[in-house]
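Here's the structure, in structure tokens; my notes come after.
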Amino acid sequence: MSLINESHDSLPYLDAAPSASARQQAQQLINSELAPEHATTFHPSIPAAPEAQFSPLIQQELSRKEAGVPLTGGIDLTRYEAPEPPTRANDNEAPNLDEWRQALQKAYVSSSHLTKRHENLSLLEEGGRNAWLIGNSQLEDILRGIEKELADTKEASEEVNKQRKIAQEASHGEMVSLEETWKRGVGAVLDVELASEGLRQQILDHRRQAAQQPR
């Protein structure tokens, strides 16, 4: 929807196309009305863009990308690797229970991750194809609806232009007659003004001559 509603009366099917010189003069008139900063300043009716607000984490990442610093850190993938069992210097040394407890916790995390991943891959293999086909079918339905709406809009626009052309062509003779009548009327007004001006000059000349004659 346009910001400013305006209506321009035009007869595109009757009016002749403007010449190159007329277009240039019109463009010069338009440029004379434009402000010098029109190419860099938004129209007053256009609202200002909202200020972007990012979380500290997103702002940190944007700053990193702007500075060109490579990505470091992230998710520690070593937790999903199979842990190595604790080692002992010799067979007579007692096992370190804390080290074994940490190794078991890592092993449990890795096992849980692999189990969930296997379940997800199984579900994807079982129902992923159907979900993908259903999603494509839904997108195709949306696309068909949009294409139909576009076709209806184009058809309505073409019908409006067709009716507009028929109406203008039907009144072409009347428009030509009115234009010729207007031209003759303007010409008659000019003839009357010229005759009036001539008569006024004659009156002034007679008065001047009468004033110059001796009494």
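The table below gives the values:
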read-out	value
Check on LEU199, under 30 Å from LEU14 (Cα atoms) and without any contact (Cβ under 8 Å) to a residue 60 or more places away in the chain	no
Any chance GLN138 is of a type in the set (S, T, N, Q) and more than 27 Å from the chain's Cα centre (by Cα)	no
Residue within the range 109-125 that is outside any helix (DSSP H, G or I), within 53 Å of the chain's Cα centre (by Cα) and surrounded by 10 or more Cβ atoms within 10 Å (Cβ to Cβ) present	no
Residue in the range 173-195 that is surrounded by fewer than 10 Cβ atoms within 10 Å (Cβ to Cβ), part of a helix (DSSP H, G or I) and modelled with pLDDT under 90 present	yes
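Residue by residue, here is whether (1) touching a strand residue (DSSP E or B) at 6+ places or on another chain (Cβ under 6 Å); (2) under 30 Å from LYS116 (Cα atoms); (3) at pLDDT 85 or above holds:
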site: GLN27; (1), (2), (3): no, no, yes
site: SER32; (1), (2), (3): no, no, yes
site: ALA35; (1), (2), (3): no, no, no
site: ALA39; (1), (2), (3): no, no, no
site: LEU71; (1), (2), (3): no, yes, no
site: ARG88; (1), (2), (3): no, no, no
site: PRO95; (1), (2), (3): no, no, no
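The values are calculated or read from the model by the stated rules, or taken from the named source; none is laboratory data. Everything numeric here is computed off the predicted structure, so don't read it as measured data. Cβ sites come from the backbone with ideal geometry, for glycine too, and all protein chains shown count toward neighbours.
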